[in-house]
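The values are calculated or read from the model by the stated rules, or taken from the named source; none is laboratory data. Keep in mind that this is a model prediction, so the values were computed, not measured. Quick reminder, even Gly has a Cβ in these numbers, built from the backbone with ideal geometry, and neighbours come from all protein chains shown.
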């Protein structure tokens, strides 16, 4: 049976977007100095908060509500490597996601938690283990 409601996802970033904008593949990655062929989203607010907090750049941390415009798949960077079964509900698509809203209020991690995560990511970079399966 058809549902009038589309599945929505979260996208954490520092990009300044408006309702109706599209987040498309080929733009700068939030975490690495490269462009990606997928757009990454999550069905959990927790994962999106990390996305916003760890995004590169000086912009305001933002979390957008987005809906898919095409097929999505599990994010292999998380589900195959760290969390089998996709408990983080992390996904990606080669199709754009349309911005349908913005989360106005959310609880950030502590500065110590963010620093610990950044240090862990830096250690992976130093070890050459920060490869993104794109």
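Only a single criterion out of (1) modelled with pLDDT of 85 or more; (2) part of a loop (DSSP other than H, G, I, E, B); (3) surrounded by fewer than 16 Cβ atoms within 10 Å (Cβ to Cβ) is not satisfied by residue 15, namely (3). Here the condition is being in contact with a strand residue (DSSP E or B) (Cβ under 8 Å, 6 or more places away or on another chain) and surrounded by 12 or more Cβ atoms within 10 Å (Cβ to Cβ); of 109, 95, it holds for 95 alone.
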